[in-house]
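Before we start, here is the structure in question, set down as structure tokens.
The values are calculated or read from the model by the stated rules, or taken from the named source; none is laboratory data. Predicted model only: the values in this text are computed from it and were never measured. Using ideal geometry, Cβ is built from the backbone for each residue, glycine included, and neighbour counts are taken over all protein chains shown. The accessibility values were calculated without ligands, DNA or RNA, using every heavy atom of the protein model including side chains. Shrake-Rupley method; radii C 1.70, N 1.55, O 1.52, S 1.80 Å.
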Number of protein chains: 2
Amino acid sequence: MSTTRRAAAIAAMIGAVASKSAAAQTAPAEPKPGITLERWGSFHVGGKEVVVSGQPVREVLFTPGGVPARVDPNGTYLMAGMYAQYMVPSPQRGVAPMLMWHGGGLTGVTWETTPDGREGWQSYFLRRGWVTYVSDAVERGRAGWTMIPEQTGGTPVLLTVDNPYERFRIGDGIGSFQRGTTLPGNQFPTDRESYLNFVKQCVPRFTTTDALTQEAYAALLDRVGPSVVVAHSQAGLFGWRAAQNKPDKVRALVLVEPAAIGDPAKVAALKDVPVLMVYGDFIAQDSRWPTIRANGVRFAEAVRAAGGSVDIIDLPERGIRGNSHMMMMDKTSDTVAGVVQDWLVAKGMWR
Amino acid sequence: MSTTRRAAAIAAMIGAVASKSAAAQTAPAEPKPGITLERWGSFHVGGKEVVVSGQPVREVLFTPGGVPARVDPNGTYLMAGMYAQYMVPSPQRGVAPMLMWHGGGLTGVTWETTPDGREGWQSYFLRRGWVTYVSDAVERGRAGWTMIPEQTGGTPVLLTVDNPYERFRIGDGIGSFQRGTTLPGNQFPTDRESYLNFVKQCVPRFTTTDALTQEAYAALLDRVGPSVVVAHSQAGLFGWRAAQNKPDKVRALVLVEPAAIGDPAKVAALKDVPVLMVYGDFIAQDSRWPTIRANGVRFAEAVRAAGGSVDIIDLPERGIRGNSHMMMMDKTSDTVAGVVQDWLVAKGMWR
């Protein structure tokens with residue numbers, strides 16, 4: 001099918017969804033009891049200044065009918081900070097706060113309400129007495145972004161509507177979004193309305209800000225103190241290295257399908273940081289995940305050889321089938337969260 | 001002083017702040033009691049699809065040491081959606097949910113913890129029994145943004161670190177950030193650490209997405225239902241027009257220093273929507289605000305002439321002095337919130 005016809009077909013499908021009246025997603029299917037929230041709020045942390053010079057001054061009309069303001073683009077900017085939102089329940093049962101680090105091209109919304117309107121992992125763990133910190137990493141979401149190309153590497157990547165469907169082990173291969181076909185037994189909520197709700201939370205992603213992001217996560221750990229870190233996908237890189245750089249600040253490390261390994265030269269730094277790696281379904285038949293998982297397992301072996309402790313859970317081996325790369329959004333998200341919770345309990349992280 | 005020396009002076013000041021250990025901003029000065037939170041979560045709403053074609057396919061290495069993925073930039077994107085996060089307290093005392101709409105170059109963080117670590121307006125109203133919805137408008141924060149220039153008008157505006165200090169009626173004129181001098185009695189938390197925390201929440205702003213933003217706010221109102229809308233600055237435009245377009249969906253409209261007026265041709269649509277406009281201090285001596293305020297007052301008179309009800313409160317006339325454009329962050333933010341709350345009570349919006 002030609003690109004134009006394919007785009008038109010996708011547009012028609014999206015249009016059909018958009019014209020449906022939205023489901024009342026604020027009313028959950030099974031109302032759960034209220035919780036006692038002691039404190040809640042947010043802050044920004046980390047970052048650096050960047051100086052721009054030699055640019056012409058602009059007159060900008062910010063609001064039609066308003067008064068133009070003089071905007072001088074030269075000067076000092078702050079960039080590379082990170083946003084974090086915390087919620088403190090009563091009673092508190094986690095021995096340390098839980099930091100939740102989203103993956104690539106996403107934001108802290110990853111951990112919030114699932115695309116189909118169920119409570120997500122932030123709710124799951126908050127209800128069980130964890131202090132939660134949900135962050136937006138450098139140049140994502142509420143951390144803002146800077147359009148100074150020299151600082152962020154120019155053109156970011158933004159995903160087309162079909163890309164996550166086909167790359168995150170939801171659909172069964174190329175063209176599956178258009179066909180509406182999934183891997184057999186896939187648990188991601190793939191009704192069109194939910195799937196589009198998920199796509200809307202995807203954000204552009206600069207591919208050159210890893211070092212800045214690592215620094216910001218270090219600043220976050222400095223601020224919050226020793227924490228349990230739950231890191232998804234791209235954030236696996238940041239989680240491994242944050243724990244290696246500041247093992248005293250990471251009480252336990254939970255890596256949800258980490259997309260990369262840590263620093264092979266510093267595996268001994270992890271010897272007192274218990275690590276859990278969780279993998280979902282459909283890995284063997286994917287074009288990339290067997291390699292990614294194998295890299296992770298090999299790194300885990302090196303950590304163990306250096307005296308560390310790494311548990312690896314492949315959910316299908318436990319009879320938990322059908323999880324995509326976005327297991328915190330899959331229909332079985334509570335079951336998977338329970339696996340993480342049980343491990344944290346076993347490691348003495350929750351009383 | 002040359003641009004280079006000025007930039008160096010600013011950098012030195014920022015560096016001095018950055019090297020200070022961060023205050024524990026999650027522990028408020030005066031701990032307040034916990035609340036009962038019934039439900040909380042988030043969603044995306046609105047938006048449209050955009051088709052891109054004719055671009056070359058890219059191989060992108062998302063994570064160092066990972067496996068490159070093929071990213072085809074051609075295809076269908078979703079853009080112009082909006083993010084909203086809700087919190088439902090128990091008991092509920094507002095007769096409708098309170099939607100909180102941030103201003104230009106900012107995000108929903110506007111309403112959250114103040115830059116100096118105090119509870120912000122979202123907390124103030126949640127504690128008093130309001131269901132709160134804090135949103136990130138189109139191409140801001142967790143609403144994501146699209147870097148397709150044809151859709152968003154090309155280069156956005158990002159503020160240098162001194163710009164809000166001098167434009168939001170905090171500092172006493174050009175160069176005041178560098179001098180560290182404020183308007184007399186100014187209430188914004190201008191210690192360097194707090195001020196920089198505020199700057200970090202500023203995000204780039206496309207100046208051509210107003211129509212898209214208006215549509216997304218309409219979709220939000222359709223989803224949530226009749227609401228009290230609290231809109232700041234640039235969002236004053238959206239608030240006026242949302243109420244004019246869907247008066248049945250706006251129970252009351254609170255405009256916090258609105259930067260623009262509504263549609264003069266549709267003032268009669270507001271006859272059943274009570275409106276409050278709140279202005280802070282230092283307006284008379286500002287280069288732009290006397291005009292902006294006068295425009296607002298004139299529009300309010302037109303609304304009244306058409307049968308509507310608009311109350312205008314100038315805080316200094318009530319003995320509440322020193323408020324900047326960011327009155328929800330000023331040290332007297334609770335006092336100002338109390339003015340809004342009292343008005344809502346008087347209008348029968350809270351029981």
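How big is the dipole moment of the protein assembly as shown about its Cα centre under a simple scheme where the beta carbon of each Lys and Arg is +1, that of each Asp and Glu is -1, and everything else is neutral? Debye, nearest 20, please.
For the protein assembly as shown, the charge dipole is close to 440 debye.
I would also like to ask the following. Tell me, what is the per residue accessible area of chain B in Å², probe radius 1.4 Å?
Ligands and nucleic acids excluded, the figure is 35 Å² per residue.
Hey, another quick one. How many percent of the accessible area of chain B is carbon or sulfur, using a 1.4 Å probe? Provide the component values of the computation, followed by the final result.
Numbers: 6220 of 12220 Å².
Carbon plus sulfur share of accessible area: 51 percent.
Sort chain B into rounded, prolate or oblate with this rule: let a ≥ b ≥ c be the square roots of the eigenvalues of the Cα gyration tensor; rounded if a/c is under 1.5, and if a/c is not under 1.5, prolate when a/b is larger than b/c, oblate otherwise.
rounded
Run the label-point distances for B:D272 please: 7 Å along Cα to Cβ, every other copy, nanometres, shortest first.
Nearest first, the other copies' label points are 6.7 nm away.
Let me check something: with ligands and nucleic acids excluded, how do A:R93, B:R298, A:R142, A:R167 order by accessible area (1.4 Å probe), largest to smallest?
Putting A:R93, B:R298, A:R142, A:R167 in descending order of accessible area: B:R298, A:R93, A:R167, A:R142.
In peptide A:268-277, what is the residue-averaged number of other protein chain Cβ atoms found within 10 Å of each Cβ?
Mean inter-chain Cβ contacts per residue within 10 Å come to 0.
Can you sort A:S309, B:S227 by solvent-accessible area, 1.4 Å probe, largest first?
Putting A:S309, B:S227 in descending order of accessible area: A:S309, B:S227.
Using a 1.4 angstrom probe on the protein heavy atoms only, line up A:E166, A:E59 by accessible area, largest first.
I get A:E59, A:E166, largest accessible area first.
Can you give the charge dipole size of chain A about its Cα centre, rounded to the nearest 20 debye, using +1 on the beta carbon of Lys and Arg and -1 on the beta carbon of Asp and Glu? If you can, show how the numbers build up before the last one.
Working: 36 positive and 32 negative charges, 46 e Å.
So the magnitude is around 220 debye.
Return the lysines within reach of A:K249: Cα separation strictly under 27 angstrom, same-chain partners fewer than 8 residues apart disregarded; answer none if there are no such residues.
Candidates past the 8-residue exclusion: A:K48, A:K266, A:K271, A:K347, B:K20, B:K200.
Let me ask something else about it. For the stretch A:167-173, what does the Karplus curve 6.51 cos²θ - 1.76 cosθ + 1.60, with θ = phi - 60°, yield as ³J(HN,Hα) per residue in whole Hz, taken in order and with x for Gly and Pro?
9, 9, 6, 9, x, 9, x
If you count the DSSP beta bridges with both ends in the protein assembly as shown, what percent of them are antiparallel, to the nearest 5? Intermediate results must be reported in sequence, preceding the final value.
Values: 54 of 98 bridges.
Taking every DSSP beta bridge within the protein assembly as shown, about 55 percent pair in antiparallel fashion.
Grab the DSSP H runs of chain A that are 4 residues or longer, score each as -39,500 (n - 2.57), total them, divide by all residues and round the 222 nm result to the nearest 500 deg cm²/dmol.
Value at 222 nm, helices only, nearest 500: -8500 deg cm²/dmol.
Averaged over B:193-205, how many beta carbons belonging to a partner chain fall within 10 Å of each residue's beta carbon?
Per-residue shielding by partner chains comes out at 5.
Let me ask something additional. Given Cα pairs under 8 Å that are at least 6 residues apart, what percent is the relative contact order of the stretch B:37-346?
Answer for the stretch B:37-346 is 17 percent.
Which distances, shortest first and in nm, link B:P91 to the matching position in the other copies, using label points set 7 Å out along Cα to C-beta?
2.8
Using a 1.4 angstrom probe and counting only protein chains, how large is the accessible area of B:C202 in Å², to 10?
Counting only protein heavy atoms, the figure is 10 Å².
Whole Å is fine, so just give me how far the alpha carbon centre of the stretch A:107-150 lies from that of the stretch A:232-275.
19 Å
Restricting to chain A, compute how many DSSP beta bridges are antiparallel as a %, nearest 5.
55 percent
What is the average number of partner chain Cβ atoms found within 10 Å of a Cβ in A:31-38?
On the way: counts 2, 2, 3, 9, 8, 5, 8, 5.
So the per-residue partner count for this stretch is 5.
Can you list the copy-to-copy distances for A:R288, using a point 7 angstrom from Cα toward Cβ, in nanometres, shortest first?
Label-point separations across copies, in nm and ascending: 4.3.
Mind grabbing the accessible area of B:S90 for me, 1.4 Å probe, Å², rounded to tens?
50 Å²
Next question. Select the chain A residue whose beta carbon lies nearest to the rotation axis carrying chain A onto chain B, and write the distance in whole Å.
Closest Cβ to the A-to-B rotation axis, residue and whole-Å distance: A:L37, 2.
Taking only Cα atoms and a 10 Å spring cutoff, compute GNM fluctuations for chain B and point out the largest among B:V224, B:V67, B:V95.
Residue with maximal mean-square fluctuation among B:V224, B:V67, B:V95: B:V67.
Given axes a ≥ b ≥ c from the Cα gyration tensor, I'd like to know whether the stretch A:51-142 is rounded (a/c under 1.5), prolate (a/b larger than b/c) or oblate.
prolate
Could you tell me the accessible area of B:M87 in Å² (1.4 Å probe, neighbours in place), rounded to the nearest ten?
The accessible area comes out at roughly 20 Å².
Another question, then. Looking at the square roots a ≥ b ≥ c of the eigenvalues of the Cα gyration tensor of the stretch B:108-148, which shape do they give, rounded for a/c under 1.5, prolate if a/b is larger than b/c, or oblate? Mind showing how you got there, number by number?
On the way: a/c = 6.09, a/b = 1.93, b/c = 3.16.
Since a/c reaches 1.5 but b/c is at least a/b, the shape of the stretch B:108-148 is classed as oblate.
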